[in-house]
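Worksheet: one structure, shown below.
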Amino acid sequence: VVGEYWDGERWVLVDAQMSPAFVKNLNIPFNVLDVPRDQFIVGGDAWLMIREQSADPEKFCVTPEMEQPRGTQYVLSHVVQDIAGLNKAECLCWDEWGLSVDTTTEESVFAHAQLGLIDEVAELTRANNPDLVELQRLYQHEVFQFHGTINCWSPAVPFEQMPLKVTLAG
């Protein structure tokens, strides 16, 4: 999990979970407070790797030891989260809503009528300095909107109780 912040010139990826000891023990060769774009696969990159390069969707997961969340639908949820975050709608990395809840299998993801829209958002969100005006316009589309309830796949919840349904009061 990484965070991003705008430093006045560009978006900077930060892996705040990595302590100096962890970095040393794992021989991480880069500054974890400025993770190079080629060292972390963001949602848009993962989506386009699946769509354009036939990447195995099952390789995209939280950790190999966890059965879920993983796969195409998991990657799609990160594309949705990325466009939301870039529109100041912060969420947890295991939250799903809208399009990412409507498509629960790989088949339903690829059969979805909005595939071109998802591809466009993935392409925009993978950029280091995305076109925020265009992302604001695309974010208005119904498939990206919150509608009261999100599904949460938090590892703090026993797997048999997932997804946890969270109702947002507004």
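Read-outs: derived from the displayed coordinates by stated rules, not from any lab. Worth saying up front: this structure is predicted, and the values here are computed from it rather than measured. No Cβ is skipped: glycine too gets one built from the backbone with ideal geometry, and neighbour counts run over all protein chains shown.
A few remarks follow.
- Once the Cβ-Cβ distance of F40 and H141 is raised to the sixth power relative to R0 = 30 Å, the FRET efficiency obtained is 0.70.
- Geometric descriptor of the chain, per residue, is 140 Å³ (volume of the convex hull of the Cα atoms).
- Full-extension gain in nm, I28 to E65, via 0.36 nm per residue minus C-alpha separation: 11.1 nm
- GNM top mover of V143, V35, V79 - the chain, alpha-carbon springs below 10 Å: V35
- J(HN,Hα) series, region 32-40, from Karplus relation 6.51 cos²θ - 1.76 cosθ + 1.60, nearest Hz, glycine and proline x: 6, 8, 8, 5, x, 4, 8, 10, 8
- L92-A21 pseudo-label distance in nm [points 7 Å out on the Cα-to-Cβ vector]: 2.7
- Inter-centroid distance (Cα atoms) of region 120-170 relative to region 1-67, Å: 18
- Extension gain from R10 to F159, taking 0.36 nm per residue of separation minus the Cα-Cα distance: 49.9 nm
- Per DSSP, loop chymotrypsin sites (Phe, Trp or Tyr not before Pro) in region 18-48 with at most 16 further Cβ within 10 Å: F30, F40
- Between K59, K24, K88, the GNM of the chain built on Cα springs shorter than 10 angstrom shows K24 fluctuating the most.
- Considering only Cα atoms, the convex hull volume of region 1-40 works out to 66 Å³ per residue.
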